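Report on the following structure.
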Amino acid sequence: MEKGPFSVEWLAQSSRGGGRGMPGESRPCPLDTPRDPEAAERRSPGHEAESGGAAPGRSRTKFSAAQLQELERSFREQRYIRAGEKRRLAALLNLSPSQIKTWFQNRRMKFKRQTQDAR
């Protein structure tokens, strides 16, 4: 039996970390390469590395006081953000639309906890 890209042997080898290529072909795993922490900070404004035992990967976004003020104002007006408003806020605050979306998700959960605790 041939060890082609869909044979049982090839699948077994690839599941053991043999990579995605043909048998015998070796590719470096992107997780094995060292990360450049300075490059992560340069990715977009509003990012700063947080000290502590955080998991490796994307650094936590540290919002400025002005960014938080505008996000909170927008949240008071409307709990769920529309696509157009998300893009407008992202451009205004120099953040990505996904950061805006995530902030709103987290803020809704914080609001939910606060209202449940008040009961």
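The values are calculated or read from the model by the stated rules, or taken from the named source; none is laboratory data. Because the structure is predicted, anything quoted here is derived from the model rather than measured. Ideal geometry is used to build each Cβ from the backbone, glycine not excepted, and the neighbour counts take in all protein chains shown. With ligands, DNA and RNA removed, areas are computed over all heavy atoms of the protein, side chains included. Shrake-Rupley method; radii C 1.70, N 1.55, O 1.52, S 1.80 Å.
General observations
- Residue pairs whose Cβ atoms lie under 8 Å apart, separated by 6 or more positions or on different chains, with the first residue in the stretch 72-96 and closer than 20 Å to residue 112 by Cα and assigned to a loop (DSSP other than H, G, I, E, B) and the second open to solvent by 50 Å² or more (accessible area, probe 1.4 Å) and among the acidic types (Asp, Glu), are 78/85.
- Residue check, residue 64 open to solvent by 40 Å² or more (accessible area, probe 1.4 Å) and at pLDDT below 55: no
- Filter result for residue 50 (loosely packed, with under 15 Cβ neighbours inside 10 Å, modelled with pLDDT under 95 and among the acidic types (Asp, Glu)): yes
- Condition met for residue 104 (over 21 Å from the mean Cα position of the chain (by Cα), in a helix (DSSP H, G or I) and aromatic (Phe, Trp, Tyr)): no
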